[in-house]
Structures are given as structure tokens and as C-alpha cells.
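Here the structure comes first, spelled out in C-alpha cells, and everything after it is commentary.
The values are calculated or read from the model by the stated rules, or taken from the named source; none is laboratory data. Note that this is a predicted model, so its numbers are computed, not measured. Positions of Cβ are backbone-derived with ideal geometry, glycine not excepted, and every protein chain shown enters the neighbour counts. With ligands, DNA and RNA removed, areas are computed over all heavy atoms of the protein, side chains included. Shrake-Rupley method; radii C 1.70, N 1.55, O 1.52, S 1.80 Å.
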Amino acid sequence: MGKRKYECSKEQISKKPKSNLQDCDYEEETVKSRNVSSNAVTEMQNVFDIKHFRKELATKQGQTIALTQFLQVCLNPDSGIDYMLEYLKSGGNSHEILRQIGQENKKNLTLATPAFHLFHLIILKVQSTLPHMIAINEEACRYFLNTFMPTIEIMISENSGPRHRKIVLKLLTSIVTFNPDLGIEVLNQAPLTPKHLQHIVEKINYKEKDNVRVAFVHFITSFLVDGHLPLIKALLEKQGLLQLVIPGLVQDEAEAVLMFLHILKKNVIDNSFLSKSLKLKTFSHQIIHNLFKLYNWKGPSDIKYEIKKEAHSEIMELVSDILLTLFTNHKTGLYFIDSSLGTSDTNKNQNLYKALLTLKRPWENENQCDVILQIVRKCPDLHRAIISIIEQSFEPQHSPIWEKAVSFVLKLLDVLKPEDMLPKLTPLSSTQIANFIRFTTLPVPLIKFLQENVCGKDMTIALYCIKILVKMLSSLKRYIDLLQINNLKYNELRIKLETFVPKHLPGSAPVVSLIQNVLCLIYDEKKKEYLINYFLTMLTLLTQALKECKSDNVIEGIVKNIYLAYAISKDFNQVDQEGKEDFSKLTENSAWHNFCKSTLRDCLKVKTVNDNFVCAPKLLCLMTTLVNFLYQSGHEDISQLFDMVTSHSEFLNVMLSHHSVDIKSRLVELLYVLIRKNSSVMKGQQIPVYLSAYHATRSPCDRMILKILHFYEIQGLAVHEYKPYVWGDSAANHYAVRKNRTTSLWSHPTPNQVLNLFDRSIIQNTIKYFPVTQKLDYDFELLTNIDTTGNGLLLDESIPILFDKMSKDGVFGCRQMRNNMDVVILKSKYDNVLNKMRSTELSLVSHAVEYAQGEEIYDPAFLLPLLSHLLIPGSIVSCFKLFRSGLLCVPVIALSSHCPLMRAAAYHVLHRFYLQLETEMKHKNDKLMLTDFINTLRQSLPSAITTEKTAADTLKEFSNPRVPSVDAMYLAKALSVATAPANPLYKPVNNFLIAKQFVDFTTIPDFLTLFHDSDVESADRRYWILDIIRDGTKTMSDVMVIFKTMCLKMIMDFYSSVMSDKKTKEKILDCLSSLVSIPRAAEILIQGYGFTPWMNSVIRNLKNDVTLIKSVLVVVPKARGSQRSPSHYPARESATPLDATYRNPRERAARPGFWRGQRRRRKKKR
């Protein structure tokens, strides 16, 4: 190829701008393809030898490297020499460049790309600086169009890259602007059809400023910019090109949009030399619809708000001008004058009519709304299209959107003024006049909505409907008056109205009723005003009390009064939208802001030994309640409140504290309400704080934090990036919460590290007190801690505490005094709580509920998904570490859950564990035992409970059997001792699991063997099976398993035998305590098993045994509490028959003596 003559340093090459390197990417490709070393490229010198370059071009075709290097120095902005100008002055021209592409190289894009780019630069340079070369350049352009059309088609195709398309589009743009006649040739020869160009406007990288779409918009604009009529006609006759540009304008830069629209309006829309038929073909209803979309112009994502707002205003103004011309100007627009005003059978403006029908709620944009009204004013025949739009979206409701719709309808009724329309009505027939007036003043689609809601319960909506109806009738009256004054054809209209009005308009009675209701509303407004003033006064008083450090009793009294005012105010909010807005104005008052500041200042702090301020949780609860009540979604004050809370000096201390659980719970509740009201305050860096404050238990605080994390996840924040989750103090250290360390500095914890976070004692409690009634969802709410009854009664009281209070008040002893006023007072006192408790299904009442609400058990809603993630295929988790920690027992006991989703999660975890177990290579004996255990469990599932309905048919497609809790408890505890040879239960449990390939889940497994064992360790085995019954009896379904096993009679008889030691008696009483905690089970025991006389016998023989006395003192109150369950108070006046107590055949079959009674009845029949 000859020696290169370049002189420059490597440093100068390295200083080349990044954009320049991007423009010349193909240089690197060429170098690689020619196997030229990188050193040869970097040896380019500052002075480029033009003569040597031309000599190389003349020597041989296909000089790719020479072309790319010349292009590079031409594009270098740091160069002080205009190399392109020097090249042209030295005799170079376009033909010399294009001749480098021979017939055999037309498909070589590596060569064509720099050649075409240089040709584009030559055209620009000739056009701006060298007019004497225009003629030769025109010849080169024609030569290019006639020769390289196959290459153009390849470079613009879908298979080519964005760089190739940009170069071709820029080259074609320069050719079109060079000579309009060349532009016509481009249209005739280039593959410019929607089929070939559709991919150009799809999948655009808007982050790149000089992208393919920008080049394409400039290309299309080049045909319009000079106003050359033949060229514009040629473009418009090429159907579909504008359809490729206009839809994407909504995302384009403001300057590009304004430039294109200005040129489009000036040289196309306002061009009177273009025929209306050509404009109709060009501006189809789809294109007009896309022009309307520009009212919601978005622009690039990185544009500043102020700049965007200003540009948006300019774009809307220009779009309004364009649309008004198209719709209302019959000379340069698309509108045909319809003298019939739309009353004839033919639609003269079908294109415009269809375009209007595509709109949705145009009244939401003020500029668009004004344009629509102007169109209707000047083109009354298009009125019907607007009514159709309103009909689609006119749904009466409490929202600002509907209020805008009402305002638009009222404006629309005013647009067609009778005085202006009268001259246009004169030439029409009487039928046409009647039809036009009736439809414009009383449109049937709107009247249907009005008639449905004018008599509704919602007064606000009814008032709006009356307002529209009054406007309609007023407009109709003006038309009638003008027709009578001018002696126009009025009779036809009168006849139509006589039949139309009674059929469609509401009668007078509902309207009169509405007026009466309005008077009531006025009275309510006065009450509302009083409540608002009361709120402000009490908030000011509370702030002052906090400032002066008043006693807790004073502060608590003010809090109760504010909470009562809130309860009353809720009724107004349920009536109308205006009521909500009136109360929300409270947040604009300084009293509210002072209250928020004082509450956060005095309440957000960790409790100490000397801290006697007990009202902090109640104040936070009140603040949360009022924030939820007063603020609308998306309110700007929410972000300020959120910042006030999270930037508080004690925020992290409270969130990470173990000693201020009540304050922490209310703080988390407040955070949840704030993020629900305005989700924009949520940030990914907040997630480590929540994980650090979380302890994975079922405490109210932890469940609220889990709810927040779930909300973050469904809102699209990257919560999943923190898997597998660590929590508590470990998370605080891991994520360095107090040090503000970024997440990029920490690595994900390993599964085995996560397993180390679990506390074995809490795992055991989770198995023992597993909440079988909990659902696998995250819809948890903290109950209020503000007692407004004045008697210490809260909605979250447990059943025993509630019944103790009722017993002290004499509720259970006053059934004979039903007319006594004291009974009425007591009933009102407890009604709210009892109504809440009556909604509880007694068959699902569990004795472990109270214990399961605390911090001593893990939350299965968090634990099961976590185990699923740890056991994901390919995980490095150790199955045996998970097994020995006791965690494997949790999904086993979870099979007893009454929630189908919870059981499905448990089955899923066991399945993943089984798959992971197959990959384990160590501990072969344990692996064999666990494999057999899971196979036995799988084969035993047909005997589990499968008859219950799944919640909302969530899993109706799947078999999801439920294992009774007492059986699941046996399997879980058996699993924990199956690999512990030192445990007394090791031998019998393993013998049972080996001998039984199938476990009957309708009875207690291996009860008789373990309870009547004669081995040396028989006592330990008896204790163990009694513990299974005690811990596994949680709901009525478990009671039925116990009854079917017939073990209850054995246990009660064994209590009084000489073989029963003190510990055995204690265990038996614990079992009975679990049974009588379940209301229906207590009835069966008392009425069918002689529980009452048996207890009398036990009590008489207690002597001075303190341990047994304590156990009896637990059983008796529970039995009393079960008999006073909400479903029995106070409706039952007489004794219930015994058979009615057993609600189904299985319960009756479990009753002692049932089968003996059946045999007697059969004998009598014989």
C-alpha cells in the first residue's frame, strides 16, 4: 500500500474526544478485519498528506483504511485544518470517493460506511463554501442514486446496525436539501415505504441524543423545509411516511418537535396550493389522534422540570393552532361546511368525526378542552362526536376527574349559543331544527346518567346532576323563546318535547326531595364546621400540654377527645367528597404542624428506666390515624412528614431498639401510612434499615415491618437484591446501617450464614405454638391503643381478659333480669367487642393464639419463603445443617395450617429440600432416614383432610391436603429425635417410621404403644406422647382426631391409677387444658365425658400438691371461658340438647355411648 506520511504524537491521538471515536467506530472494525496492528493506527500525525491520500485512491479500489483515517481527521474538532476543504481544493471530488466501491464491493458495509459518510461531508461543504462545484456534485448524487441503491437498502434494513442507518439517512437528507429535484429522485428510487422503515422508529435509544429517529425526522423534514411544491406533493403522495414520524413526537426533544410542527403547519397545512383531497389522504384520523396526544408530550426522561414545563406550553399552543386549522378552516384545513348541522344522513366530515371519537377525557387538559369547545362552536355537526366521548367516561363519582367532566359539560352546553345558531337554523326543515335543538340541549346519553343519579343517596353527585339538568333546560328555553320570537318552525319541536320530556327527564317529586336533602346538608355543614374548630382547639391544647409536660392523665384525656372527634368525622367522609376536602384543610393550619412536631419530638426516643412518659405510643397512634384521615394520596406534605420522621436524631435508635417495642410498633405503623399515601418517598437505601429493625417474629412490630417490605416489593423496588435476607443486629452490622455505607461495598450472605441467625429455642416455640389459623398474606394492621370507652376496654382484648371483665360486671348472672336497665347499659358497653368476636369461626379457635402473637415464635409468612430461597436449585446450603437446626420441622408442622397457600408453601419447601437432599454426598444414614421420612409423609397424605374449601378457590386446581395439627406435631417432633440415639424416644419413633410406610392421619400415631409402654423408659415415652396431645390440640379438627383415637377416656382413667406419678398427672391436666380451651370441645367434654364430676374428684384428691393445684387452676378458668364464648352469649336461654352440641356425624360418633344408643334403637325397630 505504500508508506504513510503522518506526523503526530501518541498523546495527541489519546486526547481525541469520545464522540469522535463513536462516529468512527467502523475504523476499528476495519483495522481488525485487515489485521493491522493498533500501533499503525496510533501513528497518525498532525499533518495529513492529501496528495498521498489521493494517490492511494487512484492506485487501487477498496482503500478502506485510507478512507476511514481521512474521515477521522475530517471529524476531529481539535484539528486546526479543514481537511475536507483542502481535499476539494486539491482536485478531489465525490466521484473519486464513490469509485472506491466497485461492483464486487457494494455489499461491503465496512467500505461503504466511511465512503458514504465522506460523500455526505462533501455535499455539506460544497453547499456551504464551494458553489462552483454544485454541478459536478449533482452528477455525483445522481450517480449515487442510480448505482448504490442496493447498498442503501442493506444499510437501512432491519439487519443493519443503528450507525449504518444514521449515515444513510444523513446522506439522503443532504441530497434532498442539495436539490429538490434530487429529492424527488430519492422518493422514486429509495426503498421508502412503511414496510421498509417501520423498524427505524421502533426500539429507539432515547438516551442517545443523535439517535436514528432524530436522523429520520430530519430526513422527512428535509422534503418540507424549502416549501418546494412538487417535492412536498411527491412526499405526501408517498403514503405512510408522516405516520412514521408523528406518533413518536411525544417522546422527542422539544426543539425537534417544535421545528417539525412549525414546518408542517407552514408548508403543508397552510399551503393553499395543496388540494384538500391530498391533505385528507395525508392527515388520516390516526395521524390526527397522534397530534392530540402531543397535549401530553413527555419528552426525554432527563429533561429538567422548568425547561419541560416551558417547552410543553409552546408545543400545546402550536398543536392547538394546527388542530383548529385542520378542523375549522374549510379552505386550508380538512373541514367541509355542513349546512344541515349534522342532521342529515350523510357525514361530510367523517375523517374528523372518527378522530374525535378516539379521544379519552379531553377535559383533563385545559388546552385540549378549549380546542374541543372551539371546534364545536365553529363546526356544530361534530357535536355528536363529543357527546359520544362524554358518554364513555361520564361516570358520576367523588373525584376531581368527574368534577372536570361536569365543568366541561356545562361549557359545552354554553358553546352553541341560540343567538349564534339561529341564522344557521333558518334554512333547515322543521324536523331538522327540532332534532338539532333536542340533541344539543337534551342529549339522551347524558340524561340517562342524570336520571340514575339525581335521586341517588349521594347528595353531592345529585347536586351536580341537578346543576347540569338546569343548564340543559335553560338552554332549551332560550331556543324556544327565540323560535317563537322569530316565528320559526316551533310546532315540530313542541310535539317532540311533549313525548320526550316525560319519558326521559326525572319528575318533580325527586327534585323536591333533593331540595329537602340539601337543607339537611346545610345543617350538616354547620356540624362539620364545629368539628373542624373542635379539632383545631384540641390539637392546640395537646401541643401546649406536651410543651408544659403535663401529667399523663391530662394528655391521655385530650387524646381520647380528639380520637372521638375523629370517629364522628369519619361519618362525614363517607357521605361526600367535599367533606373530605374540608377536613383535609386542617393540615394547612399551624395547629396541625405544631402537633406533628411536638409528637415526634416527645415520642421518638428509646425508653429508659427513669422514663415515665407512657402516652408516647398513644400519641403516635393518634398521629398515624389523623394522617391517614386528613391527607389525600400523593399530597406534598407527606414527603415532608416522612423526612421529619426519618431524619429525627432518635429515629435509628428507636428502629433498632429492643426495649421500646410499643413506640417502635407505632413508629413503623406511621411509616407505612406515609409510604401508602405517597409512594415517591420510598427509596432502596431504606430497605437495610427495615431489615435491621426486623426480627422475623410474629410480634406486631415485626409483622408491620414485613408488610412494609412487601409493599416496597410490589411497588417495584429492588427488595429481591438483598436475598437471602439477614435481619436484626446482624443486618445492622452487615449493611452498616449506622455508617451510611453503600450497598456496593457488601457481598451477599451465604445460606449457611443465614441459618446461623436462627435461635433454636424460638424454632422449638414456633413448632409448639405454630399459628394454624394464620394466612400467607401481609395484610396486618395494628389495633388502636386509645381507649375511648372510659372503662379500659380495647378491641384487642384477649378472650380470657374480656370474660373476666364481663364476669366482674355481672354479665353472666343477669339473664333473669332482662328488663333491668343495668343489662341494657352492660350490653352497650360490650356490644362492639362481642360483635367483632362473633365473626370468629369457633372451629378455628386455637389455644395457642395468645402465645403465638408475641416475639417468641418466627413468622411463617417470612420463614417459609426464606427457606424456599435458601433451597433454590444450585444453592450451597447444607441440608443437614438445616435439619439439625430444627428448621425442617417448621414446614412439616405448617402442613396443619388452615390456609391453603401456607400449606402450598410448606409442600414447596419440602419438595425443594428433597431435591437438594439428592445432591448431598455426606451423612448417608441421615440422608436415607430423611428420604424415607419424606416418602412416608407423601404416601400418608391420602388420609389427610381434603374436604375443606380453599379460600377464594385460590388453589382449586391443586390437591392441597391438610394434616391435622396433632399428627403434624407428632411428625415434627419425631423428626427432631430420629437422629438422636441418646433420646429415650429414638428407638420407638424409628421403629414406628420403619415399620409404617403409611401414617393414618385420622388418629394419633402410635398412641397406644407409647402410652402403655412397659420399657424402662416408659415414663419418658408417656410424657412425650402427652406433650404431643397438649401441643398438637389447636382446633376442633384436632379434637376430632383425639376422639376417634379413643385416647381421652384412657387418659382420664389413667390419672387416678397407681401407675400415674405426679408428672404424668400434670401432663394429663395440661392436655385437658388444651382441649377445654376450644369452645365446642369443652361442651363435648362436659356433656359427654363427665368432665365436671371428674374434675371434682381431682380437686378433692389434690391434698397439698402445689404443682397440681396450679395445673387445676389453669384448667377450670379455661373451661369457664369456653362456655362463655361469644356465640353463646346472650342468645341461648334454655339448655341445648346433647345431639345439637355435636354439629356433624363425626362429632356425634365420637361421643361416648353413641354406638350403644344406636344398637338400642335398632333393637326397638326389630
Filtered residues of segment 141-150 (kept if of a type in the set (A, V, I, L, M, F, W, C) and either more than 59 Å from the chain's Cα centre (by Cα) or surrounded by fewer than 16 Cβ atoms within 10 Å (Cβ to Cβ) (or both)): 149
Pairs please, first residue from segment 161-177 and more than 15 Å from residue 110 (Cα to Cα), second anywhere and among the charged types (D, E, K, R), Cβ atoms under 9 Å, 6+ apart in sequence or on different chains. 175/185; 177/226
Within segment 406-413, is even one residue surrounded by fewer than 16 Cβ atoms within 10 Å (Cβ to Cβ), over 16 Å from residue 374 (Cα atoms) and not basic (Lys, Arg)? no
Pick out, from segment 77-140, the helices (runs of 4 or more DSSP H) lying fully within it that include 2 or more residues that are among the polar types (S, T, N, Q) and either open to solvent by 70 Å² or more (accessible area, probe 1.4 Å) or at pLDDT 90 or above (or both). 109-128
When only residues in segment 329-347 that are farther than 18 Å from residue 440 by Cβ and in contact with a Phe, Trp or Tyr (Cβ under 7 Å, 6 or more places away or on another chain) count, which is surrounded by the most Cβ atoms within 10 Å (Cβ to Cβ)? 335
So in segment 640-680, with the set limited to residues that are under 19 Å from residue 587 (Cα atoms) and touching a Ser or Thr at 6+ places or on another chain (Cβ under 7 Å), which one is surrounded by the most Cβ atoms within 10 Å (Cβ to Cβ)? 670
I need the full set of residues from segment 579-633 which are closer than 18 Å to residue 565 by Cα, charged (D, E, K, R) and at pLDDT below 85, in order please. 580, 581, 582, 585
Quick one: which helices (runs of 4 or more DSSP H) sit completely within segment 1014-1086 and have at least 3 residues that are crowded, with 22+ Cβ neighbours inside 10 Å? 1018-1032, 1036-1045, 1062-1076
Suppose we filter 192, 182, 187, 172 for residues that are open to solvent by less than 20 Å² (accessible area, probe 1.4 Å) and in contact with a Cys (Cβ under 6 Å, 6 or more places away or on another chain); which single one remains? 182
Of (1) under 26 Å from residue 630 (Cα atoms); (2) under 27 Å from the mean Cα position of the chain (by Cα), residue 663 satisfies all except one. Which? (2)
Residue tally, condition of a type in the set (A, V, I, L, M) and in a loop (DSSP other than H, G, I, E, B), over segment 397-430: 2
Inside segment 437-462, can you point out the residues that are open to solvent by 10 Å² or more (accessible area, probe 1.4 Å) and within 16 Å of residue 474 (Cα to Cα)? 438, 439, 440
